[in-house]
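A short worksheet on the structure shown next.
The values are calculated or read from the model by the stated rules, or taken from the named source; none is laboratory data. Just so it is clear, the structure is predicted and the values come from calculations on it, not from any experiment. Don't worry about glycine lacking a Cβ; one is built from the backbone with ideal geometry, like all the others, and counts go over all protein chains shown. These area figures cover heavy atoms from the full protein model, side chains too; ligands, DNA and RNA do not enter into them. Shrake-Rupley method; radii C 1.70, N 1.55, O 1.52, S 1.80 Å.
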Amino acid sequence: MHSKELLSVIAIHGGAGTMSRASIDAGQDVAYHAALQAILLAGQALLARGGSALDAVSLAVDMFEDCPLFNAGHGAVFTHDATHELDAAIMDGATLRAGAVACVSRVRRPLRAARAVMERSEHVLLVGAGAEAFAQACGLELVAPDYFSTAARREQLQRALTLDATLLDHDASALVFATPASSRPPLDEERKFGTVGAVALDAHGNLAAATSTGGMTNKRVGRVGDSPLIGAGTYADNRTAAISCTGTGEMFIRAVAAYDICARMAYAGLSLDAAAQEVVMKVLPAIGGRGGLIAVDARGNLSLPFNTEGMYRGHARVGETPQTAIFA
Ligand code: ASP
C-alpha cells in the first residue's frame, strides 16, 4: 500500500480550542511556532536517518512534554483538587501493538511509560499507582507531583473554579467543556492549551501515533479522557491511518473518533481526508464534540481538521521545510 515516491512525514498537534487572534499577543504566537518548528525538525531528522515512525512520534511527544507551553508533562493543567493526572498512549500501526497510562502524577514523561507498557508488559493500559510502579520498575524517571505545576496553570484553575462554582455545583455532569457556548468564553480561553500528539509515516511504510495530555482544567480527580483510550484519541493501523486527537475527550470517547476514521477508510473506501472531515465536522459536532486531530495515511497523505477556531499544528516531510499553523 505504501508507495515509495511518497516521503516519510511527521505531523504534530499541541491542542485545539477557541483561540481568538486578539487573545494571543504577537510574542506568544512566535513562541508557539518556534516550539512546533523545533519539534518537527527533530522528528524530521530522525525520519531522514531512517528512524521508525514509533521513534519519531515518541521523540516529538517527549519534547512536547518538556515544553511548558503545552498541556502535557511539565505545564499540565490542574484537576479540580489542584493536582495533576496525566494520560498518554502510543500505537504501532505495523503490529497493532499499543500501550497507555492514565491518571499518573509522578511519571516525568508519561508517553515513555505508555511505550513501556506496550513493549515491556502484556497489557495495553495501566492506571494510577500501578502505572507509576511499573514505570519505576522500567527505570523511568519519577518526579514530585509539583514538577508539572506552573504558575500559569494554577491561575487557570482558579479562574475555572470561580466559574465552576455555579456550573458544577448545580450539575454534577457539567464538566468545564460542557458549558453552553453562550457562557463559555472564560473557559474556552483556558482551553487554548491542549493535549499534544504526533503521527508519522516512516521510510519502511510503517505508521505510528502518540498522544499525551494533562486532560481538562478542573477535571474531576480520576477522570480519564480520550487520549489514552486506544481507538478514541489515539489509533494507528498500517492498512489505514495513524491518528492523534485533541478536544472534548468525552465526546471523542463516545464517537470512538480515531478508530471511526480508520473504519470509514477500510469499510467505505473513503480517503483519509474525507473520513477525517466526516468525523471532525459532522460526527463529533452532532454530540457537542469540539476539537481536532492529526492524521496520516499509509501513502503519506495528511489531514489535520479541527472544528474549533484553531489548533496548534504542523507537519514536516523529509526533505521539505516544516510547516506550522495555529488558525484555520
Ligand atoms: N482530549 C483531552 C482530554 O479530554 C483534552 C485536550 O485535548 O485538550 O483529556
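Which number do you get for Rg(Cα) / (2.2 N^0.38 Å) in region 241-320? Walk me through the numbers before you get to the answer.
Details: Rg = 12.2 Å, N = 80, 2.2 N^0.38 = 11.6 Å.
Computed over Cα atoms of region 241-320, the ratio equals 1.05.
Counting protein heavy atoms only, region 230-328 has 52 percent of its accessible area on carbon and sulfur, 1.4 angstrom probe. The dipole here belongs to the chain: it is taken about the Cα centre, uses +1 on the Cβ of Lys and Arg and -1 on the Cβ of Asp and Glu, and is about 260 debye. Within the shell of other residues whose beta carbon sits under 9 angstrom from the beta carbon of Leu54, the net charge comes to -2, with Lys and Arg scored +1 and Asp and Glu -1.
Per residue, the chain reaches -10500 deg cm²/dmol at 222 nm when only DSSP H runs of four or more residues are counted, each adding -39500 (n - 2.57). Please list, short to long, the whole-number percent of alpha-carbon pairs of region 47-154 in consecutive 5 angstrom bins beginning at zero. Calculated over all Cα pairs of region 47-154, the distribution is 2, 14, 23, 23, 18, 11, 6, 2, 0 percent. Once the Cα atoms are used to define both axes, helix 53-66 deviates from the longest principal axis of the chain by about 30 degrees. Which percent, to the nearest 5, of DSSP beta bridges fully inside the chain are antiparallel? Rounded to the nearest five, the antiparallel share is 90 percent.
Here the chain yields Rg over Rh of 0.95, to two decimals, using C-alpha coordinates and the Kirkwood radius. The stretch between Val143 and Ala266 holds 40.1 nm of extra length on full extension. This uses 0.36 nm per residue minus the Cα-Cα distance.
Highest mean first, the peptides 147-153, 306-312, 71-77, 271-277 sorted by other C-beta atoms within 10 Å per residue fall in the order 71-77, 306-312, 271-277, 147-153. What the chain shows is 37 Å² of accessible area per residue, with the surface traced by a 1.4 Å probe over protein heavy atoms. Carbon and sulfur: what percent of region 1-151's accessible surface (1.4 Å probe)? Summing carbon and sulfur atoms, their accessible area is 57 percent of the total for region 1-151.
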